[in-house]
Amino acid sequence: NVSDLHSVKKYLKINYVKPNSNYTGVAKGKNVMVIHLESFQQFLIGYKWKGKEVTPNINKLYHSRNTLSFANFYNQVGQGKTSDAEMMLENSLYGLQSGSAMSSYGTSNTFESAPAILHQQGGYTTAVMHGGAGSFWNRNNAYKQFGYQYFMPLSYYQNKPEYYVGYGLKDKIFFSQSIKYIERLPQPFYLKLITVTNHYPYELDKKNQSIAPTDTGDETVDGYVQTARYLDQAVGELLAWMKKTGLDKKTLLVFYGDHYGISGNHHKASAELLKQDDFTNFDNLKFQRVPLMFHMKGLKGGIKQTYGGEIDVLPTLLNLLGVNNKNTIQFGHDLLSSAAPQVVAQRNGDFITPKYAKVGGTYYDTKTGDELVDPNPKVRAQLVGLSNQVTTELSLSDRVIAGNLLRFYKPKWFKKVKTQDYDYNSEKA
Ligand code: GP9
Ligand code: MN
């Protein structure tokens, strides 16, 4: 009910962080292209197998002086996987403890999402393209509530058996067929391209394999570098096209990994990949790091050590675009702000900060990875404080979604989305 909304507003007001004004509006009016890197973990960046970089194109982007890269950026998804990542990026609201928020609440909830905000405040055309079924994760409904004007799922693409693997079109084919749609989007646009080839179980036809599988002997792990390499090449092709057409000069690119590729059930193989003797639960928490990169001609880049997560992408993006980010119901913070809180929640209540981490019932020293055995009372109080803060934040976000609280929130700067304005439900996929 409405009083829940007041609690949320109060919490967000107390925890508000002013964005970094040096970056406010540096990408104003640019197109925004969000490239969803399926199951792409941070450890892949710079990773070499048999002496070769697995992802040379993404590595180059990561180190470019025109890229803001984040070395300690964590995925924060739960069971909703990709859809939780999307929920966080579009709304700065967490996914749910169980199930998928987009599936359970995407059809009927009110949202104040990135596409609607950018359309209303920046005149953006908004679209999602994905070479998989439109109904997966309830996208065909949820995107309407998010205010996406266009959604091009698989039914908009030419499909053949050799084009497709796993959940959708192979990334190179998906990107190359997306071009004709991208070219027709009125600018500035806010466009999300969702890749899918680098998805468990990491299958790829021989012809597209350009690096040997790893040799841990864990079958569901060893193909990961091959599909990651393929995704990297697809990104390379997309960037080359953007350069050729000049679109790169007018566009802010946002790259993010949605969640792990190698789950916590593969400690032995993970240790081998990282050339470590063992792989602890703390290592597995650090394994949740994924890339976040903002790339644009002229952007003052650098590799940032700030700890953050998917919840923080929208506030960071809105600041770069110079779009209002006050009085919003968003749980994240501008990652470029020197006051960013750097407390990164995991959906299960675990967390990591530059100093401390929690996995299950165990606390760790983030710097050393050592368990904190018998911390002194002062540290103990800090740990409990952090733990409570994380739980509070998650449960307040849950209340926003489960209580559909945004229907009560009517800020001056936002007009409610009318889903009947959008018609892409007719797609047959
Ligand atoms: C399918 C895709 C996969 O459309 O986005 O979702 P995931 O299994 O990674 O959650
Ligand atoms: Mn995914």
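Miscellaneous remarks
- Summing Cβ point charges (Lys, Arg +1; Asp, Glu -1) relative to the Cα centre of the chain gives a dipole of roughly 1820 debye.
- Count Lys and Arg as plus one, Asp and Glu as minus one, and take only other residues whose Cβ is under 12 Å from that of Leu68; the net charge is then +2.
- Amide H contacts of Phe151 (H built 1.01 Å from N, under 5 Å, at least 5 apart or other chain): Val128
- Net charge of the neighbourhood of Gly80, taken over other residues with C-beta under 15 Å away and scored Lys/Arg +1, Asp/Glu -1, is -4.
- Helix-derived mean residue ellipticity, 222 nm - over the chain, DSSP H n ≥ 4, -39500 (n - 2.57), to 500: -10000 deg cm²/dmol
- Rounded if a/c under 1.5, otherwise prolate or oblate - the stretch 196-279, Cα gyration tensor axes: prolate
- Convex hull volume per residue for the stretch 23-100, taking Cα atoms only, in Å³: 128
- Bridge orientation summary for the chain: considering DSSP beta bridges with both residues in this region, about 45 percent are antiparallel.
- Legend: ranking of residues Lys244, Lys170 from fewest to most surrounding C-beta atoms inside 10 Å; resulting order Lys244, Lys170.
- Gaussian network model of the chain, Cα within-10 Å springs - most flexible of Tyr224, Tyr164, Tyr74: Tyr164
- Take the Cα radius of gyration of the stretch 105-234 and divide it by 2.2 N^0.38 Å, N being the number of residues; the result is 1.20.
- Normalised by residue number, the volume inside the convex hull of the Cα atoms of the chain is 136 Å³ per residue.
- Isotropically averaged projected area of the stretch 292-429, using the convex hull of Cα atoms (one quarter of hull area), nm²: 13.1
- Residues in the stretch 374-407 reached by a label modelled at Thr362 [backbone nitrogen below 15 Å; 7 Å Cα→Cβ]: 374-375
The numbers here are math on the coordinates, done by the rules we state, and not lab data. These numbers were taken from a predicted model, which means no experiment stands behind them. Heads up, the Cβs are rebuilt from the backbone with ideal geometry, glycines too, and the neighbour counts pull from every protein chain shown.
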